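Here is the structure we will look at.
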Amino acid sequence: MNTASYRALEWVSADYQPAVLGLFAAIALVVFFSALWPKLHQLRQAQPENRWDRPLDRVWNTIRIAFLQTKLLKNKKSGWMHALIFWGFLILILRAGHFFVIGFFQEMPVPLPGFEWIHYVYSLIKDVFVLLVTLAASYALYRRLIIRPPRLSLSGEGILILLLILAIMLSDIVFEGAYFSTNPEAGTLMEPLGLGFSLLLAPLSSPLVVFLHNLAYWTHVLAILFFLTMLPRSKHFHILTSIPNVYFSNVTGTGNQLSRVDFEDEASESFGVTGIQDFSWKQLLDLHTCTECGRCDQFCPALKSGKPLSPKELTIDLRNHLNSMQDQDGSNTSDNPVLLGGVIQDETLWSCTTCGACEEECPVMIEYVNKVIDLRRGLVLTEDRYPEELTRAFKSLETNSNPWGFGRDSRADWARDLEVPLWDKDQPTEYLYFIGCNGSFDNRGKKISTAVVQSLKAAGVGFSILGMEEGCTGDPARRAGNEYLFDMLVTQNVETFKEKGIRKIITHCPHCFNSLKNEYPAFGAQYEVIHHSELLAQLIKDGKITSGKKSGEKVVVHDSCYMGRHNQVYDAPRETLAEKIPAGGILEVETSRERGSCCGAGGARFLLEEKVGSKMSHNRVDELMEANPDTIAVSCPFCVLMLEDALKAKGLDEKVKVKDISEFLQ
């Protein structure tokens with residue numbers, strides 16, 4: 001028996017061996033592509049979306065998130081487990097190809113003459129990763145069967161995949177070990193697993209070793225082929241889609257991912273998403289990419305407070321519905337349940353605060369917020385179905401440009417005694433201070449507006465306000481699904497800004513900040529927008545604001561979702577606080593910065609009553625109280641309201657105060 005033929009297999013005669021292997025491979029490929037084609041057809045028929053811009057940023061995202069696994073590694077144990085399996089597959093794909101090459105080309109010498117050093121270097125790397133993947137897959141099995149984390153769904157499919165991975169790894173070791181046992185001169189220290197296993201086989205008879213060698217070969221190739229057939233039919237399709245999904249993910253931050261609706265499109269009979277076919281190709285790719293890991297659920301404030309929203313289940317339900325809408329030839333069937341109110345219940349959609357915690361945690365960059373908003377648009381604009389509280393809010397936004405029904409002519413009353421100048425287009429100041437609805441009408445919000453004004457004046461910043469000419473940015477309308485009202489409000493503001501020549505805007509409301517900075521450009525309006533936390537931090541650095549004596553209070557920081565996760569501003573509020581609070585007095589809790597929990601106001605939720613489960617603001621206060629603070633520091637007026645109400649409900653309002661960062665400088 002020569003080395004080359006023994007390297008292959010002996011259960012099938014040499015004449016028929018390539019044909020048998022080819023038959024198995026052909027069957028597997030037919031099964032694979034027959035399941036893959038309908039999914040590709042779905043993506044091709046989906047709504048268009050431009051995700052081809054900024055290729056360098058997309059490549060960097062792919063390297064950082066998909067290949068370096070930076071998001072997964074935020075969770076140390078499970079992160080390293082998945083990362084090692086992923087990296088192992090990248091390395092071992094060459095080894096898989098090698099098994100098929102030696103099956104089809106029996107007389108090919110191994111290693112190829114002249115390339116021995118490459119073969120041995122790769123063999124060593126391969127053995128390292130075979131061991132690491134074996135350990136990682138074993139831990140994954142232990143975790144699924146013994147530890148059973150609540151966020152994971154125990155499934156036979158997941159266990160089968162892990163067993164297939166272990167079969168592929170172990171068969172590689174047995175294959176090498178059996179060969180070296182019969183051909184001891186071929187073994188080298190660069191192939192330690194095979195060499196070590198060959199020592200265990202030394203007492204066995206030669207026919208038995210040959211049997212193990214051939215068994216290992218067929219186990220290896222058939223496990224790979226069976227694995228291939230499973231990919232398009234299971235959640236493990238993400239093995240193929242995750243890298244493209246990361247590449248095509250949003251590269252501007254979660255705050256800038258909502259598409260503008262073309263209301264002048266006469267061909268449109270509905271607006272928003274009312275059927276699965278209304279989603280874009282990227283949104284459908286998201287559905288196929290879900291790994292069902294449950295990281296999104298772990299940090300969802302709605303789910304943690306008992307609301308009927310699980311980001312994972314939302315994605316799975318949409319994916320299952322998508323798959324059920326396709327028959328074998330890829331055409332839509334008609335005996336499926338309706339999407340809105342059927343597959344996805346209304347209360348599920350209204351539970352979302354659009355905080356972005358799910359997107360922050362997703363290791364494959366699935367986008368949830370845009371789907372929720374698109375489905376809300378379908379409910380509001382097409383089906384005219386939404387919570388009763390929104391009826392009043394929509395009407396007030398339309399007539400008074402605020403969601404609470406206050407008269408527009410009272411919008412500047414808060415500044416009556418502050419000597420704040422109104423914008424004069426003939427003598428413009430450097431900045432427009434855009435107050436927002438909360439800072440204009442809410443009694444607590446007015447105190448924040450006053451504190452900002454006092455700080456800006458003390459620093460000598462030139463600013464003016466619009467007074468009654470200011471209107472709502474439209475954020476609550478858009479987040480509530482009323483894109484038509486949002487479009488109207490934006491158009492009105494843009495016309496005002498243009499007429500007055502406004503270019504630079506200060507705002508203390510993160511929701512106003514996000515809309516003006518990230519969403520108004522889609523309407524042809526580009527402004528330099530700065531949040532008061534950023535401006536105050538810069539003024540402190542420049543020595544234009546000094547607060548004098550440090551405070552001795554212990555302050556825990558609460559990060560606003562729309563400044564933090566949606567716009568990546570975390571340091572500015574802390575730098576502002578540092579002017580008044582010594583380093584040891586600024587406290588953090590485990591759920592802070594990118595993992596900070598939502599107060600419950602976002603996504604127009606501040607307009608709705610929480611009728612199901614506990615209140616999200618109460619849960620957030622419980623988390624913040626772990627630091628035993630004297631004060632909770634925030635940089636969002638809605639967070640101030642929500643957290644103050646929660647403290648009062650818990651009887652903690654006399655013990656702990658809530659302050660906007662501007663109020664620390666007074």
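We did not get these values from a lab; they are worked out from the coordinates using the rules stated. The structure presented is a predicted model; accordingly, all values stated were derived computationally and were not measured. Ideal geometry is used to build each Cβ from the backbone, glycine not excepted, and the neighbour counts take in all protein chains shown.
Round to the nearest 0.05 the FRET efficiency obtained for Phe226 and Ile146 when R0 = 22 Å and r is the Cβ-Cβ distance.
Computed FRET efficiency for Phe226 and Ile146: 0.30.
Can you sort Phe115, Phe89 by how many other beta carbons sit within 10 Å, fewest first?
Arranged by neighbour count, lowest to highest, Phe115, Phe89 become Phe115, Phe89.
Gain in length, Glu528 to Phe24, computed as 0.36 nm per residue apart minus the alpha-carbon separation, to one decimal in nm? If you can, show how the numbers build up before the last one.
Numbers: separation 504, 0.36 × 504 = 181.44 nm, distance 6.15 nm.
Net length gain for the segment: 175.3 nm.
Within the chain, which whole H helices from DSSP have a Cα span along their axis of at least 30 Å and a mean Kyte-Doolittle hydropathy of 1.6 or more, if any? Show your work: numbers first, answer last.
Working: long enough: 17-45 (42 Å, 1.03); 76-104 (42 Å, 1.17); 116-142 (39 Å, 1.13); 156-182 (38 Å, 1.68); 206-230 (36 Å, 1.52).
Both cut-offs are met by 156-182.
Would you please give the residues with an amide H less than 5 Å from that of Ile505, counting only those at least 5 places away or on a separate chain, with H modeled from the backbone geometry?
Excluding prolines and chain starts, which carry no amide H, the hits are Leu432, Glu528, Val529, Ile530.
Working out 0.36 nm times the residue gap between Ser268 and Asp413, then minus their Cα-Cα distance, what length gain in nm do you get to one decimal?
Taking Ser268 through Asp413 to full extension adds about 47.9 nm, to one decimal.
Sequence neighbours fewer than 8 away in the same chain don't count; with that in mind, list the aspartates and glutamates whose C-alpha is under 18 Å from Lys498.
Excluding near neighbours in sequence, the set is Asp424, Asp426, Glu430, Glu469, Glu470, Asp487, Glu519, Glu528.
Give me the Kirkwood hydrodynamic radius of the chain in Å, from all C-alpha pairs, to one decimal place?
28.2 Å
Using the Kirkwood formula on the Cα atoms of the stretch 275-327, what hydrodynamic radius do you get, in angstrom to one decimal?
Here the Kirkwood hydrodynamic radius works out to 11.9 Å.
Which listed residue (Leu641, Gly467, Leu665) has the Cα farthest towards the positive end of the charge dipole for the chain, taking +1 on Lys and Arg C-beta and -1 on Asp and Glu C-beta about the Cα centre?
The Cα lying farthest towards the positive end belongs to Leu665.
Hey, rough spin-label estimate for Leu160 and Trp52, points 7 angstrom out along Cα→Cβ, what's it come to in nanometres?
About 3.8 nm, to one decimal.
Can you say what percent of the DSSP beta bridges in the chain, counting only those with both residues inside, are antiparallel? Round to 5.
About 5 percent, rounded to the nearest 5.
Treating the beta-carbon of each Lys and Arg as +1 and of each Asp and Glu as -1, no other charges, what is the dipole magnitude of the chain about its Cα centre, to the nearest 20 debye?
Dipole about the Cα centre, nearest 20: 1500 debye.
I want to check the label-to-label distance for Glu594 and Met468. Put each point 7 Å from Cα in the C-beta direction and report it in nm to one decimal.
Distance between the two pseudo-spin positions: 4.7 nm.
Going toward the positive end of the dipole of the stretch 390-665, with +1 on Lys and Arg Cβ and -1 on Asp and Glu Cβ, which of His508, Ser597, Gly407 do you reach last?
Ser597
What is the stretch 140-296 by shape, rounded, prolate or oblate, if you read a ≥ b ≥ c off the alpha carbon gyration tensor as root eigenvalues and call it rounded for a/c under 1.5, prolate for a/b larger than b/c, and oblate otherwise?
Prolate, because a/c is 1.5 or more and a/b exceeds b/c.
Using helices alone, I'd like the mean residue ellipticity at 222 nm for the chain: each DSSP H run of four-plus residues gives -39500 (n - 2.57), total over residue count, nearest 500. Intermediate values should be presented prior to the final figure.
On the way: 26 runs with 321 residues, N = 666.
Taken over the chain, the calculation gives -15000 deg cm²/dmol.
Using a simple charge model, +1 on the beta-carbon of Lys and Arg, -1 on the beta-carbon of Asp and Glu, nothing else, what dipole does the stretch 390-665 show about its Cα centre, in debye to the nearest 20?
The calculated dipole for the stretch 390-665 is roughly 240 debye.
Using just the alpha carbons, could you tell me how many Å³ per residue the convex hull of the stretch 390-665 encloses?
For the stretch 390-665, the hull spanned by Cα atoms encloses 127 Å³ per residue.
For the pairs Lys74/Lys659; Lys447/Lys648; Lys447/Lys550, flag any whose C-alpha to C-alpha distance is greater than 24 Å.
Exceeds cut-off: Lys74/Lys659.
Using Cβ contacts closer than 10 Å as the measure, can you line up Glu116, Glu594, Glu388 from fewest to most?
Arranged by neighbour count, lowest to highest, Glu116, Glu594, Glu388 become Glu388, Glu116, Glu594.
About the Cα centre of the stretch 270-382, how large is the charge dipole given +1 on each Lys and Arg Cβ and -1 on each Asp and Glu Cβ? Please answer in debye to the nearest 20.
So the dipole magnitude of the stretch 270-382 works out to roughly 300 debye.
Taking a ≥ b ≥ c as the square roots of the eigenvalues of the Cα gyration tensor of the stretch 523-666, is the shape rounded (a/c under 1.5), prolate (a/b larger than b/c) or oblate?
Oblate is the answer for the stretch 523-666, as a/c is 1.5 or above yet b/c matches or exceeds a/b.
Residue farthest toward the positive end of the dipole of the stretch 469-571, with Cβ of Lys/Arg at +1 and Asp/Glu at -1: which of Gly564, Thr496, Ala522?
Gly564
Name the lysines eligible as straight-distance cross-link partners of Lys76: C-alpha to C-alpha under 29 Å, and not fewer than 8 places from it in the same chain.
Lys126, Lys235, Lys304, Lys307, Lys312
Tell me, what is the percent relative contact order of the stretch 391-491, built from C-alpha pairs under 8 Å that lie six or more residues apart?
30 percent.
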